Structure formats: structure tokens, C-alpha cells
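The values are calculated or read from the model by the stated rules, or taken from the named source; none is laboratory data. Remember, it's a predicted structure, so these values are computed and weren't measured experimentally. Methodologically, a virtual Cβ is constructed for each residue, glycine included, from the backbone with ideal geometry; neighbour enumeration extends over all protein chains shown.
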Amino acid sequence: MNGALSVRPEVPAWRLITTMALAGVLAGALIVIVHQSTQPTILRYKAEMLRRAVNQVLKQPERYETLYIYRGALIASVPEGVQSKGLDRLYVGYGADDQAVGFAIAAAEPGFQDIVRLIFGYDAMAGRLLGMKVLESKETPGLGDKIEKDAVFVSQFDGAATPLVGVKGGRGSDDPGEIDMITGATISSRAVIRIINNALERSVPLIAAREASR
Amino acid sequence: MRSLLSFRHGVHPPDHKQATEHIPVRRMSFPDEVILHLRQHTGKPARLCVKPGDRVERGDVVAQADGFVSSPVHATTTGTIVALELWPHPDGSRSQALRIAVERHSAQVPRPRLVPEWRTLSAKELIAAIRDAGLVGLGGAAFPTHVKLSPPEDKKIDTLLINGCECEPYLTADHRAMVEHPEKVQHGIRILLHALGIERAMIGIESNKPDAVEALRATLPDDLDVTVHPLRVKYPQGAEKMLIRALIGCEVPSGGLPMDVGVLVQNIASVEMIATVFESGLPLIERTVSVTGGGVRRPANLTVPIGTKLRDVLDACGGLTEDVEEIVFGGPMMGMAQADLNVPTVKGTGGIVVLSKGESRQGETHPCIRCGHCLDACPIFLNPQNLGALALARRWDEMEAQNLMDCMLCGCCSYACPSSIPLSQLFALAKTSLRKSSIKGKAA
Amino acid sequence: MQELFWILLSAMVVNNFTLSLFLGLCPFMGVSSRVETALRMGAANIFVLTITSICAWFLNTFVLAEAPYLRLISFIVVIASLVQIVEMVIKKLSPTLFRQLGIFLPLITTNCAILGLAIFQTNRGYGLLEGLFFAIGAGLGLTLALVLMASIRENSELASVPEVAKGTGLTLIIAGSLSLAFMGFAGLLSAA
Amino acid sequence: MRETTRQEDLLRGIWRENPVLIQLLGLCPALAVTNSVENALAMGLATFFVLCGSSLLVSTLKKLIPHEVRISTYILIIATFVTVADMTLEAVVPEIHKALGAFIALIVVNCMILGRQEAFASKRPVGRALLDAVGTGVGFIIALLLMGSLRELLGNGSLLGISLFGPSYEPWVVMILPPGGFFALGALILALGWIQQRRAPRSQPQEWPEGVADREAA
Amino acid sequence: MWSVVASLAPVVGASIWFFGPSALLVLIASCAGAICTERGIAGTRALRDGSGTITGLLLGLTLPPGIPLWMAFLGGAFGMAFGKLVFGGLGQNVFNPALLGRAFLQAAFPVALTTWPASASSWWSLRGDNFALPLMSPQVPDALTGATPLGLFKFEGQGTDLGSLLVGSTGGSLGETCGLIILLGGAYLALRGHLNWRIPASIFASVALLAGLLHLIDAEQYPGPVFMLFSGGLMLGAVYMATDMVTSPVSGLGCWVFGAGIGALVVIIRIWGGLPEGVMYSILLMNALVPFINRVTQPRVFGTNLGSSAS
């Protein structure tokens, strides 16, 4: 190798730069082409996933619309010149009678292992939850991931009164605000309850303000 | 009671001294043959100045000091030189030795040849006289005494330490010397102080010898600053560096000598021998040896002509018992195991320990479990566990980087090891290999 | 503040970059045979991770906002040139530091921990400060894992390891054991 | 460099110089995404695609790429293919793409790919380079599948999601967690070593570690 | 080594007293796992020194009584193979093999490993599904599950009185219930020189100190030092696991650092971590640090780096 190096003719700098630039342009072009062709599918899938999640936690509303949190208020459409991308948002679902049935709120906080990302439906009038779905978690398989997979645990959030209170599993209380925690996965269960309560603390005043301004 | 002076770490082996500590020193009768090794001391071996067939008298010089770090060898009995041949040496090798056929006992009358009036001599002349008497350290290393007494100009010695610890188990020769001849010890100290031109001496004695402390305290001179200090019973209290740590409270720098902290250490047997030499006018031709251990029938403290064969010494003590396991020259901790009964004593031989089966610690070696007992034992704070593992991997250079050369092979780690790993043997091997390779490196 | 601290601890021990995200395995398996080397490698990593985090944030915020599909390609180009520039700057400013870190810097370019940090940081939408804490935590976690591994391997070099297990086998088992032990940190600071 | 046959070029990477099990390259994906056969397969295929694509391109363009900027160019080419693979997976199999997460993007820094470009594709004709890439890629897929099957079988009692031991099987959860990745690869490598050792003629048992003789001779 | 086994006898006895035949079965299974693996893999190299038995016994003592026997066996086998044999056998390992086995089981079967028996109808009845088929899940009736004092505190804010903690009449693993007997066994071993007293001493001291400080700050939220000392596996871990000579530092100073580190980690994991108990993880983490601690706490060699005090 060293011998080969020494006889290699000096390559002018402009060639190096041209090569790199050319390679960069070609690479960029290729990526843009693939991006153009895959982007619609990806976006459609993402939108579909979001639609499913929102529909699930709002118990299949007729339709829903996106609300943006902008300068401490909920707005339905972003004012001119403001990027909608970076804004936090929540979703309001409407029933057949065009009445708001509830808000779908997404939230994320640390769980047992890493961040737990979830979405839940909230009926602002009744102050109750409509449903909860974990979107992303790395909780212990077979134990902590029951917050996602255990139907009994998940179903407790349907109609639960807020704020939620976690109790030890198997107590069998009728209090609608009490969530039976999963045996052996207390931390994960508590994390879900905490995430929802914290998210409600943030969102309820916004929702109330929006209702009041109507 | 004020706590006794000591050093840190070390071990507490049972001392086994009761067999001989109360038995007065007796003189053994002359053997039929003595074997005088030319390599009696640390440093360059003496140069031969007689030839086979010559008749020599007790105290005649048979080999001259060859250079500064060397010491003459004297005939220890009157007799005829039979041969110069290779003979087993206590260190395990074979080396040049004179065989002397000993004449009948009536011929063994000593003829004084030294000037006993040391007070009239200058320090320089006194040191020359000490060299001519063939005096070496009798603690075991046998380093020529006159070399120790001549420090380089820039090293000032202000204190003489006398090592009366005798911390090796079994050995009692030093103990008997202190009890039987305390005045000789004081005399020897006086001579040494004169040679050094100083006035301060400290005697350290392990507190298991209260009679020795008593005896030496009773004979302290009025005109000199000599003090006696009982020390904690702990091995290796008698190692130079440990003794200095205990008495003076400072550490000899790594790779340095006691003179670096202004101290000279002399063993009690050497001090007594100096007095003996200047009283009798005879050079160093005999010394006291503790012959003890469960494997010897009549344990004793014997005055033995240097060069007496092990077989003869043991015979003088009633011979061996049936269950002998191991014979060691020196103490059981640092001594050299002997395989041949024909090996002769040398100037450094102060003890012959014959271990019976029950006493020997040679056990089956188990894997190291990193218990750390060796770290707690090592008086110079090495990590024998790690060094041992490195030694098994033969990674000598890394061992040197971890201060292996400061190891004095005291054997504390081997003693403390519950798995009977021969750590100090491994370190001795490593040190030898390193020395060899450094010599090779210089040659290349 | 608590959240920032959690990000740091999470990247460092709970979801240690090397032991639970498998990032930076190359130096972990390759360089980690001497503790001194591991420490320097770790220091170099903390340094580059921190700078990368800042650069990635700037890229995301000001350059790639319109073309996120070019993210990967620009990250890798930026990281590669960044390491080169850092190398040159250190060489100029502090030859001592360069001697200590120098040979590790080129290795870092192909270290997946760096690119991994930039991607994770983007996916999680961390801001500048959060990204910084994330980077420092990740760097500390890498260093911790490297040093632990190096000291254990130094130790096991003297052990009579069976022929089959020498080298990679043992290293992987040790890594697995470390990873098991780090599971003890799960849920740290998030149990409230 | 020794001349190799076509067959050697193809087969080398599959077993004898398996990138993961023998050369220990690309460990990051081999450990991170092999908690199920499905993920392992997807990762393997994506890497295979990137490897073949970049080998093809690099060996085609090798004359045009100046030596000084070759590494940067390779990385650029690899990153392009990875981006393409990333977007394709996201469009075609979004669930798997979500499970693999950032590790798709991290194919860029898989030393195996860059290594093949530098060591082989940049010096050989297109056909050979492609053969080599196919061999190495298949070897990578095999290793990932081995890991994936072992971990999914023990950790979930299933293969490709099909339960094998019935519902009362107690899964070894640890196997799909990070420690299980290390242990599974460690066990695989130990097992391989053990098999090789049994095949090889028994070597002399050594009391002292090797190298002692050298030291003494030196 | 056998004296360690002997000193464990009262602890084993107590576990059988409290948990009935299940305890004995679990201990036998874990020992069998460890010993069979040692014999099987190491073959003739296996030592008859009882270290395999110790590994098995210690592992068994950290398991809940109702665990299926095949899991106990697997834990013993894993700990022995990956915790010890792969490093070259006795004296060479880095992690405590019993704890590695236990950590593996905990990660593999989190449910089975955290299912504690509340009480049983008679001494003779089994405390769980010990005889579950190999690789199959245990059938655990809900009524059987109880909780450990630490679990009660962490998840429900309930304390447990000191008397039950000392005597051991609480839920928990086989060997982690009776603090007094463990302390006695430890004292016996320390007197015989088989364990370094500095390690348990420093663990107890650091746990007591940290827990005490936190308790002073907020007595409601943080439990007191006595509860921290006598609950969970702290006693067993501090006396029998952390003191494993092979996996603890060699120097005295190192042992203090090691113990203090374990104590601090225990408090951190118990109070701020996600798990109710952290003794096992703390010891394993500090095991990993031991080679580093040994490096750093190497004492100053006699006569080197002499300060101004010299000469």
C-alpha cells in the first residue's frame, strides 16, 4: 500500500472538491427522488395511525379536528406566518350532534425504563376519561408492558374520574377515580397515572378557557 | 502501659522458642573435617592464599579479601588442607570450598593475633582491624562489617541501632547472647561507636525476651547515650527497615540504605562477636548456632566452628528424630531449606531448624481467592496477590514497575496465604530473573 | 431541573449508551483493555458528543427544518468534518491534550455513539440544553462502561480463562453481566 | 494481494469470515435489533441492500474517486443508500420501521460496510465486488437470524411470532432485553469456539501462558 | 470453605422453619444447578472445596420459596457457568456467581421472582408451585401472594415493626427474613477470619448514615435507618454476599470504599429507584468496580513517595 501511495500522482485540489460536490449533489438528488416517491405513503400511514389512536381514545367520534396550543390558548387554525410544525396540539372530537364529546391529549414522561408516550381521551364536561392508549414504551416485557397490553388495566381508564388515584391491584373498590395497579409493575402503572394527571393539569385550564370564550 | 514501638503490617507466627531459650550456650567438640567456603559473605568471594597440603592453624588467613566489598576467611580449626573442590553451599548452589582435615583437640590452642587495645586506634585503623578479623553481619545476609562502617562522605550517621529482636521463630542464639553476656554486647557497642565517632545507640528487643531487656538495662554504660527499647512481638521486627521504622519512626527510602536516614543497624550477634574478637584477639572463626525444632532430639545453642558440616552439628545435638520433614538454615520464615547433610555452616548461619511433619507448613497449593491477607501482612505495603499473579504469567517487567525490588523476601505473604501459594519463592524467582536480564541488558 | 437531571442519569446509567443501547461497542470491545486508554477514550468521547449535540441542534433548527430527509447525510458529513476540525484545533491550542486524545479522535468518527446521539436527540425533540445534558450523560455513561470493562479485563488477563472464552467470549459475558447489574438503576428518579 | 476464485469471494463472508461471529463487525445492530426474528430479518435485509448497493457503486466509480477523499465519498454513498432504505422501510413496513427505530440510520456507521468498500470493492471489478458483498451480506443476515431465533425462542417461546411451546411457556424475558443480547452473542461465540476446539487437534495443555518462551529467548 | 457452609446452616434452618418444605426444595435445586454445572463443564477441574455448594446455597437463599424448582436450578447453572467457570473457576471471577444467577432470574422471570407467599395453611404445605414443569409457568393462586416489608413501604407507604423484622416473621426471600441469625453467622465467620468485617461494617454504617440523614430531613417520605438495615436482603447481602473474598477488594481501604459504595447504592436504589430492593444490584455494581478500586486504593509502598516527614 505504501509503495502505491508514493507513486500516486498528486491530485489537484479542485478535483477533490468537484468530486465531493458531485457526489453530494448526486446523493442529494437520489434521496430527494426517493423521498418524493415514499413521502405520501409515509404521511398517509402516520395520519392513519394518529386517526386510529384518536378515534380509539375518543370512542369513535363522528369527526375530530386538531387544536394548536399557541401562546397559551387553543386555536383551531394557525395564524399567518407561524409554523404549525413545532406547536403542541390536542384533538377535539365531535359526536353526531356536532357537540364536542372530548379531547384527545398526547403526553410523554419517564416510565420505569424510558419515556412512555401515550394518548388519552378526556371528557371535559364530565371530568372523566374516555380511554387511554400507550403509543410508545420500553417497559419490561411481560411486566411493565402490561400498561399497553393488559386489556383489564387499559379498560379501567374508560370512564375513570379525574384526577386518577392508583391503588394496589385486587382491592376491588368501586370508586371510579381509582385505577388498580398491575401487580409487580407498580412503577409503570403509576407512571401512566402520573403522566395523565400531569397532562390534565396542563390542558384542563386551556380547555376551560376555550369553553369559556365560546 | 505505653504501647510498644513497632511497624505496620507483618505477621504473628508462633515463636516456638521455648525449646532452647533457657538452655545456656555450650561449645561443641571439634569435628573431624571442616569445609570452608570461599564465598562466606555478601560481595566478592575471598581470594585463596593457601594450597592443598598446607597445614593451617586456627585463625590463620586462608583467603584474602578481594576488593573493598569483600572479607577474608580464616582457618577455623588447626589442620591440613586436603583439597579445594566444589561443595554444596547452604544457598543451594555448589561452590569452591577448602576441605580441612582437623587435628587432635590438643592442637587447637588459639594464638592471638590481633591488637586488643582498640582504644588506642583511630577510627580508620579500627575499621581496618575489623576487616582483617573477617567480621561480617551475623544476622544472615553476612554483609562485611567494615563496609557498613565506612559510609560515603555525604552520608552522616548519627545513631547506631542494635537489632536484638530475633523475630524469626525458633531461633534463640541472640537471646542467649544478651542474657549470658550483656557486658560483651555493651563492649561491642562501645567499639562500634568509637569506629563511627558517634555516641548514640539504641537497642531494640522484642518484648518476649524480658530477661534480655533486664540484663542489657543493668549494664548500660554511663558515659554513652545507649538506650534499650522493648518492641512489639511481630515478624519481621528485626528487618532493618522495620526496626528503623519502629525505633526512629521514619522510612528508609525505596532502594535506599539505612545510612540514608543517618542510621547504622547491627545485629546483636555481630556486636557480641566484635567484642569477642577484640577480647580474644582471634578473628571470626566460630559462632553460636541455635539447633532446634521438633525434628532434633536435643535442641541446643551451640558454639560451632564455621564450616562444620550439618551432619556433625546434628550429631552433637543427639541426631534427628523419625518424623523430620524439612531442615532449614536460618529461621523458618526466610531460611534456606537444605537437601544435603554434608552442607557446611557459613558465617551467616545462626540457626539450624529441623521441622517435624507437624511443624512444616508445606501444604497443597490452592487457587488464590483474593482474600487480601497477604496485603495485610506485607510490611512494605506491596500487593503480593497481584504480584503473584503477574509472576505466574512471568510478567517480570510489570512486577518491577510495582516495586518488586523493594521486596525483602521476608515471607510474610507466604505465611499469611491461606491457599499456601509460595509467594515469596515466586518473588525470589522474579528478582533473580530481573537481575539476570538487567545484567544482560548492560552487557548488550 | 429534575427533568434535565433525569435525562443525564437516564443516558448515563438507566439506559446506558453502551450497555443497553449498544452504541459505542467498537471502542468498548476493542480499546477497553487498559484503564488509562479507556479514560482518555471516554474523555475524547464526552468532548465530541457535547460538540456534536450542539451542532446537531443548530442543524435541525436552522438548516434541516425544511428538508428533514437530508438529516442522516448531513449529520454524518458534519460529524466527520467536525472531528477533523476539532483535531486540528486541539493540535494548535494544546499539544498536550492532543497527545492524550489525538489518536482516539479519528476512531470516533465511525463510532456509532456520536451519530446515535444526534439521531436520538432529534427523535426525542430535545432542545439545546436538554441535548447538552443528554450528551454529557451519554459521554459519562460511555466512559463508565469503558473504564469498568477495561479494569475487569486487566484483571482477567491474569486469570486462567478457558481457551474457548479468551477474548471476545469473555468480553461479551462481562458486558452482559454489567448490563444485568445496570438494570438495578431502572426507574431511577421516575418512581415518584 | 492473493488472487481468489469467484466461489471464494462469495462464500468467504458467509461462514469462514462471517462479519459478526468471526470478525466481530457490526455488533451494534447484531445486538440491538435481534430481539425477534422479524426485526433481525428486516435489519439484515436493509444492511444487505446498503452493502450491495454501495459495493456496486464504489467498484463502478473506483477510477473516478481520488484516493484522498475516498473515505468521505464512501460514507456519502453509504449514507445515501441508508436514507433510501430508511424511507422505503418506513413506507412499506412501518411497524417494523418503528421497532428498529434509529438503528436503521445507524447502518451508516456499521464498520462492516465501510470495511468491505475499503478492503475489496475499491480494488476489484464490479462482478467480484458484488459477489463479495452478497456473501458478506448473507453472512450478516445468517448471524442476525441466529441471534434473533435464539433470543425470540427463549425470550418469547416463538419463532417469527408463531408460538412453539404452547401458552403456558414461561418466557425468559431477559433474552429480549439488552443483557440477553450480550449473553446470546457470548454464548454463540463460546459454542462456535468450542466446536472448533473439538475439531482441531488437541493442543498441548500449557501450565504457563504463551509468550513466556519468547520472553526468555529475547 | 466448608466453614462458610457451616455458618450458613442456621440461616438455612431458619428459612426452613419459616417457609416449610418449599425452602428445602428450592435450596436443593439451586445447589444442584450450581454443582452439576461445575462438574459438567469443568469436569475434573471442579474442586471439592464446597465453593459450588456455597454458590448454590446463597442463590437459594435469595429466592422466594414459591419459585418453580426448574428456575432455581437454572439460576444456579447460569451463575456457575457465566459467573465463574467462564472466568477460569474459583478465585478468578469478577461478579458474585450467586448474585449473577439471581440477577439473571430476576430479569428473566420478573413475576415469579417477585411473588411472595403470605402465609400457608400448615407448615407442610408448599408455598407456591414448586413443581411447575420445566420451562412452564407456575400456577400461582392469587391468595398466596403477600408482600415484603420494602415493597409495602415503597408502594403503599406502610412500615413494618422492628420486632418482626428482627425475628423474621415477614414476607420475603428464604434467607432475608431473620436478621439476627445472619448477624450471628457473620460474627462467627469474622471471628474465624473468613470474612473481612470492614465490608459489612462499612455497608451498615453508610446505609444507617444516609438513611438517617434522609429520615431527619423528611420522616414521612423516607424510612428510618433501623428499618433500612433490617429489611430486605441487606443483612444477607452485607454478611454473606458482599464479603465474598474473590469479588471484593484486597486492601483494607478498598474494603471500606467498596462497602460504603454498596450502602450508598442500596439507599439510592431503594429510595429513588424503581425497585423496592437494590442490594443485589448494588453488590453486583460494586463487584464490577472492584478491579478499579484495587488499582486506586493500592497502599503507598514502604519508602516510596516520602513526604516532608522523611529524614
Residue that is nearest to the chain's Cα centre (by Cα), among those in the range C:158-184 that are more than 18 Å from D:I176 (Cα to Cα) and in contact (Cβ under 8 Å) with a residue 40 or more places away in the chain:
C:T171
Residues that are surrounded by 14 or more Cβ atoms within 10 Å (Cβ to Cβ), in contact (Cβ under 8 Å) with a residue 40 or more places away in the chain and in a helix (DSSP H, G or I): does the range B:108-120 have at least one?
yes
A:Y68 passes all but one of the listed conditions (1) surrounded by fewer than 17 Cβ atoms within 10 Å (Cβ to Cβ); (2) in contact with a Ser or Thr (Cβ under 9 Å, 6 or more places away or on another chain); (3) not basic (K, R); the exception is number (1)
Do the conditions hold for B:S71, that is, is it in contact with a Lys or Arg (Cβ under 9 Å, 6 or more places away or on another chain) and crowded, with 21+ Cβ neighbours inside 10 Å?
yes
Wholly within the range B:324-393, strands (runs of 3 or more DSSP E) carrying at least 2 residues that are surrounded by 23 or more Cβ atoms within 10 Å (Cβ to Cβ) and touching a residue at least 40 places away in the same chain (Cβ under 8 Å)
B:351-356
Sort through D:G44, D:G26 and tell me the only one that's modelled with pLDDT under 90, in contact with a helix residue (DSSP H, G or I) (Cβ under 6 Å, 6 or more places away or on another chain) and closer than 30 Å to D:P179 by Cα.
D:G26
The condition of being closer than 30 Å to B:I327 by Cα and surrounded by 14 or more Cβ atoms within 10 Å (Cβ to Cβ) holds, among B:L126, B:L135, B:L160, only for B:L135
Residues in the range C:30-45 that are in a helix (DSSP H, G or I) and touching a residue at least 24 places away in the same chain (Cβ under 8 Å): how many?
10
Out of B:T345, B:T292, B:T321, I need the residue that is away from chain E (no Cβ under 14 Å) and closer than 18 Å to B:T76 by Cβ. Which one?
B:T345
Test E:L253 against the criterion of being farther than 30 Å from B:P384 by Cβ, hydrophobic (A, V, I, L, M, F, W, C), in contact (Cβ under 8 Å) with a residue 40 or more places away in the chain and away from chain C (no Cβ under 13 Å), and give yes or no.
no
More than 13 Å from chain C (Cβ to nearest Cβ) and in contact with a helix residue (DSSP H, G or I) (Cβ under 6 Å, 6 or more places away or on another chain): does that describe D:P178?
no
Going through the range A:157-177 one residue at a time, which ones are crowded, with 19+ Cβ neighbours inside 10 Å and at pLDDT 85 or above?
A:F157, A:A160, A:L164
Here is a check on your reading of the model: is C:F5 among the aromatic types (F, W, Y) and assigned to a loop (DSSP other than H, G, I, E, B)?
no
Criterion (in the same structural domain as E:D244 (by TED's automatic domain parsing), assigned to a helix (DSSP H, G or I) and loosely packed, with under 15 Cβ neighbours inside 10 Å) met by exactly one of E:L189, E:L166, E:L216
E:L216
Run A:T66 past the list (1) under 24 Å from D:L89 (Cα atoms); (2) of a type in the set (S, T, N, Q); (3) in a strand (DSSP E or B) and report the number of the one that doesn't hold.
(1)
Can you find a residue that is under 21 Å from D:G26 (Cβ atoms), in a helix (DSSP H, G or I) and more than 10 Å from chain D (Cβ to nearest Cβ) anywhere in the range C:46-63?
no
Would you confirm whether or not the range B:296-315 contains a residue that is farther than 25 Å from B:C413 by Cα, in contact with a Pro (Cβ under 9 Å, 6 or more places away or on another chain) and assigned to a loop (DSSP other than H, G, I, E, B)?
yes
